[in-house]
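Everything on this sheet refers to the single structure shown next.
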Amino acid sequence: MKLPFGLTIILNALLIWPGFLVAEDKHYKADVCVYGGTASGVMAALAAHEEGSKVILVEPTRCLGGMTGGGINHLDWGKGETVGGSTYKILMEGLKEQKRAHGGHAKHGIGNKQYRERFKKLVKDRGITVIYNHRLGKVRVGDETIGKPTRQEPIALGEKIAPRNKNNSIQSIILDYAPVDETGCPIPEPKKRNVITVSAKVFIDCSYEGDLLSMSGVRYTWGRESREHYDESLAGVRPSLWVHDIDPYVEPGNPESGLIPFIQNRKIGPLGSADALSMGYCFRYEFDTSGQGIPIPEPKNYDPAEFEVYRRAIRDGVDIFSNRHMRTTLNKFTVHKKAPFVGGAQSNRNLMGSTVYGCNEDYPNGDWATRSRIWKFHQEFLINSIHFAKTDPSAPKSMKQRATKTSFRKGVFDETGGWPNQLYVRQARRMVSSYVVTQKDLEGKTDPPHTVSLAAYGVDDWPYAVVVEDDKIAVQGGAFSIVYLDKGKYNGSYKIPYEAIVPTRGECNNLIVPVCVSASHIAFTSLRMEPVWMILGESAGVAAAMAADNEITVQDVPYKQLRFKLENLEQILDRVEQDLTQIQSVRWKSKEHWNAEKDGYEWLFPHIDKDSDGEISVDEYSAFQRFKSKNNDWEQSLKKTQFDGESHFR
């Protein structure tokens, strides 16, 4: 029975009202149900709606956009030539027009709050029903109800999966009411279970965690595969990024006394071997040092002993602050020297940053009680590290001064007390389907035929654990930083085929997975960028609508018709061929060229253009980068210097 228009409006309003406790056992039907209101999820919902489908979007928190608006305003998309479709328009609206290349890897966006508001308005203007503050409890697949992940360990090399001989369609999902707390953190247990049932013809899992994927009967994995698994030279355990000469034991020199806090009692396997570790997570904070921000809370359970590793490092003069990585080029390391700091450096690959690498091991396949604990750990870690810097006798004066001034910036995450509303889950589960994107794709050695997105960010991982190595403290792995592997053949771009976002035929015929893509760990470190997930979300939304409208499985969506629709949306689906005219010594041909790509850094051009020829060469820019890596206060020092036509660095 079709509900009266007025009643439909009321029900939708109640569903999307963040604090409303929905009556038990409501049942809603749609053509397409999108689980996860990440930026990818919003794109999927918009695309399916534009194709004429009735869409329901489910978001476990009270915000849309995930990390786009939840902490990442500096949009990492690798090569801008690969970003098209509605994604480009939505991300770039309100920003300066410029060629898609953007001269590098990222572009400053309009602001976290502004992106959240933009996503909310996009779905509201189209009348798409959004269910906030509800998360997945159970999944009905055929005549079976699944209430927990179908795997307990990552897929092993050579593992055989028994085929399912049942109806492999998701019939419905059952949602629990679990509003996030005042800081945006997921609560451990739902306030009410089995509150809403959503039935749909097609489901799209756009969550970072892949929760719907994990309860659908589809194969999935997490962690690092071995080198042998997909014949990837970069796979598996990697050498430690840092090995610090800091005694890891409670009683120095005595392993029997146990390990000091933050050091994990974990044995790392041999190089190239597989394990269940994932890249470290963190929050992408927005801080204020003017004294006008939102105060960071005082600690409730501060234990000075918790920060013994910092204390020992500072006492012994060990550099745990500088950032080390393999930037753009394989096996070429650079170190960015940093002075002692606290309350920031969410992008720091070292012991002192905004996370403890390895503390997230149980998150990818964990329940919400586990995830809530890990999320809270990150919040408390910031609070306690700020307190350590303010009060500990070992903290240098500069660290104390910075910590005293640090607060959350107002006007960004005010509704959560300054805390970002999304934990930066760099990777969790990954589907394993008929096509797995691997290192070979990044190397330009493959050419899959059914492209639904391009990616163009190099291999980019982060440390995995903090462990003991030769009685010292090691930061394990995580050296890759935008490392390109195709030697310029396709300008770093590669294809993600449709087969990588749908399950293997016979496993589940009405699920599409555009975030937890079928990819190896190494490939996932590259494709895991928000614009890529947004493009994949849009492609998934179009495909889902086609499957629902034609009553076919997602595996049977005709690619020729799908591609036609995607090209009409102005998606870019062909790899970027190497432009030989760009292989030259000049990076920026004019001040105008620089200004168009370096918004906010127009003042810097004459400092880098040391020969004053109106161009910035590769050598000039390299000299600037060397200066920058050696001077933590490079920006302030250059701004204070009256430019006189001479280069201020070599």
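The values are calculated or read from the model by the stated rules, or taken from the named source; none is laboratory data. Keep in mind it's a predicted model, so treat the numbers as computed, not measured. Cβ coordinates were reconstructed from backbone atoms using ideal geometry, including for glycine residues, and neighbour counts include every protein chain displayed. Ligands, DNA and RNA are excluded from the accessible area calculation, which covers all protein heavy atoms including side chains. Shrake-Rupley method; radii C 1.70, N 1.55, O 1.52, S 1.80 Å.
Brief remarks follow.
- Built amide H within the under 5 Å cut-off of GLU469, gap 5+: ALA474
- Inter-part distance, region 354-389 to region 418-478, computed on C-alpha centroids, equals 20 Å.
- Peptides ranked, highest mean first, by Cβ atoms within 10 Å: ranges 544-557, 149-162, 246-259: 544-557, 246-259, 149-162
- A dipole drawn for the chain from +1 and -1 charges on Cβ atoms has a positive end, and of PHE605, PRO558, GLY52 the residue lying farthest that way is GLY52.
- A Cβ-based charge dipole, computed about the Cα centre of region 159-221 with Lys and Arg at +1 and Asp and Glu at -1, lands at about 500 debye.
- DSSP beta bridge pairing in the chain, given as percent antiparallel to the nearest 5: 65
- Shown for the chain: the carbon plus sulfur share of the solvent-accessible area, taken with all protein chains present and a 1.4 angstrom probe, equals 50%.
- For VAL250, distant residues with modelled amide H under 5 Å away: GLY258, LEU259, ILE260
- Measuring nothing but how far apart in sequence close Cα pairs (under 8 Å, 6+ apart) lie, relative to its length, the chain scores a relative contact order of 19 percent.
- With helices as the sole contributors, the chain gives -7500 deg cm²/dmol at 222 nm; each DSSP H run of n ≥ 4 counts as -39500 (n - 2.57), and the sum is divided by every residue.
- Point-charge dipole on Cβ atoms (K/R +1, D/E -1) for region 108-165, about Cα centre, debye to 20: 380
- Percent breakdown of C-alpha pair distances by 5 Å bin, ordered from the shortest bin, for region 357-422: 3, 15, 18, 18, 17, 16, 9, 3, 0
- [x] 10; [y] 26; [z] 42, with the label sought being that of the calculated percent of Cα pairs over 50 Å apart: [x]
- Nearest-ten-degree value, helix 112-125 long axis tilted from longest Cα axis of the chain: 10
- Distance between the C-alpha centres of region 184-199 and region 241-304: 31 Å, rounded to the whole angstrom.
- Using alpha-carbon coordinates, inclination of helix 530-550 to the longest axis of the chain, degrees: 10
- The chain - charge dipole about Cα centre, Lys and Arg +1 at Cβ, Asp and Glu -1, debye rounded to 20: 680
- 0 to 90° range, to nearest 10: angle between helix 5-16 axis and the chain longest Cα axis: 30
- Since only VAL467, PRO449, VAL483 are under comparison, the one whose Cα sits farthest along the positive direction of the charge dipole of region 438-493, derived from C-beta charges on Lys, Arg, Asp and Glu, is PRO449.
- Where only C-alpha atoms are counted, convex hull volume of region 160-263 per residue in Å³: 259
- Over the chain, accessible surface divided per residue gives 41 Å², non-protein components excluded, 1.4 Å probe.
- Where N is the number of residues in region 403-556, Cα Rg divided by 2.2 N^0.38 Å: 1.28
- For PHE287, the residues 5 or more places off, or on other chains, whose built amide H falls under 5 Å of its own are ARG409.
- Phi angles across region 220-237 convert, under the Karplus curve 6.51 cos²θ - 1.76 cosθ + 1.60 with θ = phi - 60°, into 3J(HN,Hα) values of 7, 8, 7, x, 9, 6, 6, 4, 6, 4, 10, 6, 10, 5, 8, 7, x, 4 Hz, Gly and Pro given as x.
- The accessible-area ordering, largest first, of the residues ASP143, ASP441 stands as ASP143, ASP441, per a 1.4 angstrom probe.
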